[in-house]
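No value in this document is a laboratory result; all are computed from the given coordinates. What you see is a predicted model; the values in this text were computed from it and never measured. Heads up, the Cβs are rebuilt from the backbone with ideal geometry, glycines too, and the neighbour counts pull from every protein chain shown.
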Amino acid sequence: AAKHAGRNTHFFFNESMQVEAQHHLLVNADLLRGLAADEFELYYQPILNIKTRQVDKCEALIRWNHPEKGLVMPDFFIPVAERTGSIVGLGNWVLQQACKDMRVFLEAGLDIKISVNRSASEFYSIKAYETWKNIFKDNEVDSHRFIFEITESLFMGRHAAHIDVISALHEIGVQFAIDDFGTGYSAINYLRNYPVDYLKIDKSFVQDLLTSKQDRMLVEVIIKMGQVLDIVVIAEGVEELGQLDLLQQFDCDYIQGYWLSRPQPIMQIIDRCLEPINQQDDYVI
Ligand code: C2E
Ligand code: MG
Ligand code: MG
Ligand code: MG
């Protein structure tokens, strides 16, 4: 907001705002140090196709192996990186690493797509398209194997560059998923106008699926809407078999959640995916 406020506007920072700003600067400086020191890692969480019982996608989730703090979760540093602009460099690192990991998955014989999270601010510049296209090219991986997870808010912005970057990527085969669907602006008009391939139902709806009639109906409606619009629906945050049963009843396409697997380092995921999922004792569909 400060950028657009004009010259004669005075800003009054209270103490807590100042403390927060200082905290952000410290985390940001540490993050840039950590990036240079190669402290980040991508964990993967399998996404299961309910109908075929195959894991054919995995979501990449960033972790920070911090020398003092131990394993640091993204909620601690992604919001900071978004505010300081470091998300652009961090996001490029994520895509680069996901491309390297794609080669590892393929060499292990796993035919999968990788879904990577993208922040809205990574789309501000049309240069993002060239940068990402070159990352695919330099790593010799097929851009069709990637899904970009974005949030509804991206479509609400007035930045034309966003849409151009999305369209250009879609043309080279990158698919798009709306992450945390249902928690955003709830203007669903954009679903008709933009290339959306997947909806990821936010885990907050899935959590109370068995206990809240309202959440159950909302989930059912989202799945129906996906069918009408020809958009594949993924339910996030599935922790219990009962939730899976209900989602299957509603004809949901995919599930993701602790019930199947927590996010884990790539080698663990490869081992886990190579075991036939349908031999898992509690996987009775
Ligand atoms: P998200 O994209 O919605 O990812 C799903 C989050 O839910 C992950 O948290 C995952 O570990 C967690 N989760 C998965 N299954 C379950 C479950 O059954 N129950 C519960 N309670 N949680 C589950 P995580 O890994 O801490 O990531 C948090 C958020 O950080 C992500 O939410 C995503 O928005 C962001 N993020 C992660 N990696 C990246 C990245 O590389 N780039 C950007 N821009 N954001 C990222
Ligand atoms: Mg996500
Ligand atoms: Mg996300
Ligand atoms: Mg989500």
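Listed values, structure above:
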| read-out | value |
| --- | --- |
| Per-residue Cβ neighbour rank within 10 angstrom, fewest leading, Ile172, Ile234, Ile62 | Ile172, Ile62, Ile234 |
| The chain: most fluctuating residue of Gln175, Gln22, Gln248 per GNM, C-alpha cutoff 10 Å | Gln22 |
| Amide N proximity, the range 41-82 versus Trp93 label position 7 Å along Cα-to-Cβ, cut-off under 11 Å | 41-42, 63-66 |
| Ranking of Arg262, Arg118 by count of other Cβ atoms within 10 Å, fewest first | Arg262, Arg118 |
| Extension gain, Asp75 back to Arg33 (0.36 nm per residue minus Cα-Cα distance, nm) | 13.3 nm |
| Rg(Cα)/(2.2 N^0.38 Å) for the chain, N = residue count | 1.05 |
| Chain lengthening between Glu240 and Asp56 when straightened (0.36 nm per residue, less Cα-Cα) | 64.2 nm |
| 0 to 90° range, to nearest 10: angle between helix 87-107 axis and the chain longest Cα axis | 30 |
| Mean separation of Cα contacts under 8 Å (6+ apart) over length of the chain, as relative contact order % | 17 |
| Order of Phe250, Phe76, Phe123 - criterion: other Cβ atoms within 10 Å of each residue's Cβ, fewest first | Phe76, Phe250, Phe123 |
| Within the chain, percent of DSSP bridges classed antiparallel, to nearest 5 | 45 |
| q = 0.10, 0.14, 0.20 Å⁻¹, the range 140-285: log10 I(q)/I(0) [Debye, one scatterer per Cα] | -0.40, -0.76, -1.28 |
| Estimated [θ] at 222 nm from DSSP helical runs (n ≥ 4, -39500 (n - 2.57)) normalised by residues in the chain, nearest 500 | -13500 deg cm²/dmol |
| Dimensionless Rg over Rh [the range 50-206; C-alpha; Kirkwood] | 0.95 |
| Computed label-point distance, nm, for sites Glu15 and Glu41 using a 7 Å Cα→Cβ extension | 4.0 |
| Gaussian network model of the chain, Cα within-10 Å springs - most flexible of Ser153, Ser119, Ser143 | Ser153 |
| For the chain, built as a Gaussian network whose Cα springs stay under 10 Å, the top-fluctuating residue of Glu220, Glu107, Glu59 | Glu107 |
| Computed E for Lys224/Asp111 - FRET, C-beta separation, R0 22 angstrom, nearest 0.05 | 0.15 |
| Cα centroid separation, the range 208-278 to the range 96-142 (Å) | 24 |
